[in-house]
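Data block below; observations after.
The values are calculated or read from the model by the stated rules, or taken from the named source; none is laboratory data. These figures come from a predicted structure and were not determined experimentally. Note that we place each Cβ from the backbone using ideal geometry, even for glycine, and neighbour counts take in every protein chain shown.
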Amino acid sequence: MRVLLIATNREARPSYAVPAGVAYLQNALLEAGHEARILDLCFEPDERLGPLVEETVREFDPALIGVSIRNVDNETYLRYRGNLGDVRIVIEACRANSPAPVVLGGSAFSLMPMEIMKVLDVDLGVVGEGESAIVALADAIGKGEAIESSPGLIRMVDGALVAAEPARVADPASIRAPRTFVPDPRYFSAKVVGPQPTYGIQTKRGCTFRCSYCPVPSIEGKRFRLRSPVEIVDEMRHVRDLAGVRRFFITDSIFNLPRRHAIAVCEELVRADLGVSWMAYTNPLQYDTELTDLFKRAGCETLNFGLDAGCDEMLTSLQKDFSREDILNATRCAKQSGVRIVHSLLLGGPGETAETVKSTLDTMAECQPHVLTIAFGIRLYPQTPLWQSLGKPSGDVDMLMPLFYVDEALGGDECTEILQLINTFIADHPEVMVRMNFDQNKLATEVAASSLRVSATQG
Ligand code: B12
Ligand code: SF4
């Protein structure tokens, strides 16, 4: 049976992201004996979206169309951009040119499936991991059988959406590298995407942590499920040979834990000697130089520490399971081994004040990371401890609105002081490249104007 998979994401910032999830689905479909094609819209201009979908649907004539939604929005306070408009154009072009059922899926879809299905008026969606779900759907549709038992399937019954538990691949060691998918060469062209293109690769799924604002455990599951190191390295070799990829982004929630798995993957990389480099998200627990030396030998170029804060008070507030001491230790180890460090902060959470920001920046001054990214305002998602702790702030809240949490104490003066602290840090530490994801000129006035703890701001 023919299945068309459409990757709708066109976000270019902070860098392009190859639709690796869709490639896994294509692989699963091919292995199950179906025909599967990927239409990647990433580099298409606005005016080509509808026509290109129309041409592809007419020519390929699929019996099932999967539409992947990676980002519902750019998650950026005061520079918000939503993406569901693109998805609507794609769905309309599918419907106008094919009777095939349309099924939604993807990481952003799994965050708020019911809300997205309602707003896009679609009656099939898969929440969670799509490999077994898309195969089950294609099998059932191909044989003219009922689709109800497909894993993770949300569907419309008698005018109402029926929820489902997220689909999970039972044994991630069985996830096989995409064998057919050749990413668009523009993903790796320095001219198009800048100097540091990467290909996303997973070494595991799931996250056992419970950071207060983070929806990843509800997307990937609350346990770590590990892929086979040999298969991971095979996938990297395959992508390197097929598309000339030399840099990878390990897309795990956190790469360094479980530590024994990170070590096993790195040892396999050292053995394979692929001549590739990689970067990864990490947290600062369980670091020593034995580990960072191994990372370096295995090709680690950059570690991105999703710290959010640098003082124990805010780390506790955000339910991070590490301390300032852990941050200092991990930074020292990574630097000693010659690994580039990105520290990421997320300001504005419950209990944030100019004083906590000052303590955080003092820690950053001690760390001196190569890059410091600073985000302000926390995008709120259902199913997160932060959202649950707020109760329902204003009745029937539309989660697809750009909902951001900013502590109510951060009125005008406090915000102005925070901006001064950041600017002083920048002036005192020219060796640290600081990137802010918010408009400094707007911040104090916007935060002061918002009298709600939960602010809905369209910028
Ligand atoms: C790694 C990552 C990044 C890396 C990507 C590096 C790279 N080279 O690929 C970087 C740091 C660049 C990044 C940037 C951003 N990211 Co990001 N990122 C992730 C992360 C952690 C993993 C994504 C991934 O690759 N997963 C692995 C692949 C294999 O899985 P998958 O794509 O989800 O596919 C599976 C399922 O979703 C499903 N599926 C997928 N499509 C379909 C389709 C159908 C029909 C079906 C049935 C199933 C299905 O099956 C697949 C296989 O199991 C996710 C969180 C998460 N755990 O999902 C956030 C996440 C996707 N990112 C998010 C955001 C917001 C962004 C940014 C906009 C942030 C910013 N403002 O800078 C940018 C946008 C970049 C871009 N070009 O799109 C949000 C999206 C939430 C939202 N509001 O929409 C997420 C969900 C994080 C979060 N807050 O929870 N990101
Ligand atoms: S922020 Fe990172 S460590 Fe914390 S729950 Fe999310 S993915 Fe896990």
| Within the bounds of region 210-221, is there any residue that is part of a loop (DSSP other than H, G, I, E, B) and more than 16 Å from ligand 2 (Cβ to nearest atom)? | no
Taking region 137-160 and the residues there that are of a type in the set (D, E, K, R) and outside any helix (DSSP H, G or I), the one that is surrounded by the fewest Cβ atoms within 10 Å (Cβ to Cβ) would be D158
By residue number, the members of region 128-158 that are touching a residue at least 12 places away in the same chain (Cβ under 8 Å) and among the acidic types (D, E) are E129, E131, D139
Report task. Determine, yes or no, whether I201 is farther than 26 Å from W387 by Cα, among the aliphatic types (A, V, I, L, M) and in contact (Cβ under 8 Å) with a residue 24 or more places away in the chain. Result -> yes
Of the conditions (1) of a type in the set (A, V, I, L, M); (2) more than 6 Å from ligand 1 (Cβ to nearest atom); (3) not in a helix (DSSP H, G or I), the single one that A17 does not satisfy is (2)
The correct count of residues that are over 20 Å from R247 (Cα atoms), of a type in the set (S, T, Y) and either in contact (Cβ under 8 Å) with a residue 60 or more places away in the chain or not in a loop (DSSP other than H, G, I, E, B) (or both) in region 282-300 is 1
Residue set R10, R48; condition of a type in the set (K, R) and in contact (Cβ under 8 Å) with a residue 24 or more places away in the chain; output residue R10
- Query: Can you spot a residue in region 82-102 that is crowded, with 23+ Cβ neighbours inside 10 Å, part of a helix (DSSP H, G or I) and either in contact with an Asp or Glu (Cβ under 8 Å, 6 or more places away or on another chain) or of a type in the set (F, W, Y) (or both)?
  - Reply: no
In the set A354, A309, the lone residue that is within 30 Å of D413 (Cβ to Cβ) and in contact (Cβ under 8 Å) with a residue 60 or more places away in the chain is A354
Only one of E75, E148, E47, E115 is of a type in the set (D, E) and at pLDDT 95 or above, namely E47
Of those in region 243-286 that are farther than 22 Å from L328 by Cα and small (G, A, S), the residue nearest to ligand 2 (Cβ to nearest atom) is A264
